[in-house]
Amino acid sequence: MPIFLINYVHWVERWNKRIGRMAMYLLFVLMAVLLWGAIARAVWVPMRWTDQMGQFILAGYFMLGGAYALQMDSAVRMDVFYAAWSPRTKALVDTITIFALLFYLGVLLWGGIESTAYALEYGERKSGLWRPYMAPVKIVMCVGIVMMLLQCTVFLIRDIATLRGREI
């Protein structure tokens, strides 16, 4: 494999690992926000922002951690036949099926970019009493989708290398 592809693979995996590890700590932020909301609801006046902020944090946690979950092979896979296959057969099947995932993520990114552009242009807000802006969570969503797309291209490069008899 060309050295620039090997460098690309290492660069993408390094960044996805860093961002994924940072995203793991969003779970503690989510717990703190929801705990604050529960305490405030029981002791003082209910905080109107905690539920929606919890939804936003969970979306960020999910989207920014997606590429890291793919990288760590934590995604759900039907292993009825796959587990028994040789590494070369797995690479061949993965090389074919990755295009469905790339297409899906591409369409998702396209819709995410259009939705983000709308949110930025018109100052879109979530309905409710707090009415937070939607653009920040949509930007995080697009970043997470791009990270997953990059990780899928890394999978494709690794699988092609395996089919050629070279591991990266």
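Taking the convex hull of the alpha carbon atoms in segment 92-155, what volume per residue do you get, in Å³? Don't skip to the answer; put the middle values down first.
Working: hull volume 4.8 nm³, N = 64.
Measuring per residue, one finds 75 Å³ for the Cα hull of segment 92-155.
Given a cut-off of 17 Å, what percent of all Cα-Cα pairs of segment 1-125 lie beyond it? That tail contains 74 percent of the Cα-Cα pairs. Angle check, please: helix 26-43 long axis (alpha carbons) against the longest principal axis of the chain (alpha carbons), in degrees 0 to 90, nearest 10. Once rounded, one gets 20 degrees.
Nothing charged except the Cβ atoms of Lys and Arg (+1) and of Asp and Glu (-1): what's the magnitude of the dipole of the chain about its Cα centre? Round to the nearest 20 debye.
Values: 16 positive and 10 negative charges, 58 e Å.
In debye, rounded to 20, the chain gives about 280.
Against the main long axis of the alpha-carbon atoms of the chain, helix 87-122 sits at an angle near 30°. Helix 3-24 sits at what angle to the longest principal axis of the chain, using alpha carbons and giving 0 to 90 degrees rounded to 10? With both axes taken from Cα atoms, the answer is about 30 degrees. Note on segment 81-114 and segment 18-66: Cα centroid distance 31 Å, given to the nearest whole angstrom.
For the chain, modelled as a GNM whose springs connect Cα atoms under 10 angstrom apart, the maximal fluctuation among Phe155, Phe81, Phe28 occurs at Phe81.
The helix-only estimate of mean residue ellipticity at 222 nm for the chain, built from DSSP H runs of length n ≥ 4 each weighted as -39500 (n - 2.57), is -27500 deg cm²/dmol after division by the residue total.
Rule-based calculations on the coordinates, nothing more; no lab input. Keep in mind the model is a prediction, meaning the values are calculated, not measured. In this analysis, Cβ positions are derived from the backbone assuming ideal geometry, glycine residues included, and neighbour counts consider all displayed protein chains.
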